[in-house]
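Input: a single structure, listed below in structure tokens.
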Amino acid sequence: MAQRIAVTGANSALGRVLLQRAVARADVEIVALVRSERAEAELPALSRDRLRTARVDFRDAAGLREACAGAVGLIHLAGILIESRKTSYGEANVETTRAAIAAARESNVPKLVLVSAIGAEARSANPYWRSKGEAESLVRESGIDYTIVRCPLLLGCDGAGDRALAREVAAKIVPLPGGGANLEQPLDARDLSDGLLNAALSRACARGLVLDAVGPESLPLRELVKRGARLRKTYPIILPVPIELLRAILALRTRL
């Protein structure tokens, strides 16, 4: 018999992959939570036998509670990577988590699975990692059984990381922070999705754990770019960019 899982941010890049993995399993029924008609239209064209959508805003406590009713697990995917004028890290990464916790508690959902980020730390000077760390703290202190999964660069989901890597692989000159010496350990979004579903289906699975979910290989970013370029038979020139300069550019971009 299929068990129901509620998924917030279901129209995100990872959310779409998760839905595809879920409907291929006989033991899962999905309620995909989205915030707008546009977001609902972005969901993959899948059979609705075991997939239904709920259009609800995170400020709508009653709507969230109703959408989560009867679920054995809630997978919280909502969040942003870069702030905009319309949405801050605090709103997208922290307040949506607070709303998800309230919905799970009020709907008696026994398990909450939070997708976080490698490097999350509530005391971090980096506002993105700080917001992710604050969200994790809310989940740990919620009193609900939980699993927190921290993710690296995700591949295979047409997300921001995927698209950035594709642009770099196709370019003739690729500017990389510090020459791309930073280590990456990318993860296939399909593997992550399977793990999230398993954690949500079982109250005991990885209960109370904070997991760093990474791929099988660690390599410098420049090597990752070069490897992808070889597959496309392109040979980009890596241009080192001072990290402090990049931080200044990103700060200006965020303000504008």
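Numbers for the structure displayed
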item	result
Conditions (1) in a helix (DSSP H, G or I); (2) closer than 22 Å to LEU209 by Cα; (3) touching a helix residue (DSSP H, G or I) at 6+ places or on another chain (Cβ under 6 Å); number of the one not met by GLU95	(3)
First in the stretch 152-172 and open to solvent by 50 Å² or more (accessible area, probe 1.4 Å), second anywhere and polar (S, T, N, Q), Cβ under 7 Å, 6 or more apart	ALA170/THR234
Filtered residue count, the stretch 1-52, keeping only those that are in a strand (DSSP E or B) and among the acidic types (Asp, Glu)	1
Looking only at the stretch 84-112, and only at residues there that are among the basic types (Lys, Arg) and within 17 Å of ASP57 (Cα to Cα), the one that is most open to solvent (accessible area, probe 1.4 Å)	LYS86
Index of the failed condition, GLU121 passing every other in (1) under 21 Å from ALA189 (Cα atoms); (2) open to solvent by 30 Å² or more (accessible area, probe 1.4 Å)	(1)
Conditions (1) in a helix (DSSP H, G or I); (2) acidic (Asp, Glu); (3) at pLDDT 95 or above: number failed by GLU244	(3)
Residue match in the stretch 80-89 (condition: part of a helix (DSSP H, G or I) and in contact with a Lys or Arg (Cβ under 6 Å, 6 or more places away or on another chain))	no
Positions within the stretch 173-186 being open to solvent by less than 40 Å² (accessible area, probe 1.4 Å) and at positive phi, in sequence order	GLY179, GLY180
Any chance GLU184 is touching a Ser or Thr at 6+ places or on another chain (Cβ under 9 Å) and touching a residue at least 12 places away in the same chain (Cβ under 8 Å)	yes
Search result, residues across the stretch 37-52 that are open to solvent by 40 Å² or more (accessible area, probe 1.4 Å) and under 20 Å from the mean Cα position of the chain (by Cα)	ARG38, GLU40, ALA41, GLU42
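The values are calculated or read from the model by the stated rules, or taken from the named source; none is laboratory data. Because the structure is a prediction, the values reported are computed rather than measured. A quick note on method: Cβ atoms are made from the backbone with ideal geometry, for glycine too, and the neighbour counts reach across all protein chains shown. Just the protein is used for accessible areas: all its heavy atoms, side chains included, with ligands, DNA and RNA removed. Shrake-Rupley method; radii C 1.70, N 1.55, O 1.52, S 1.80 Å.
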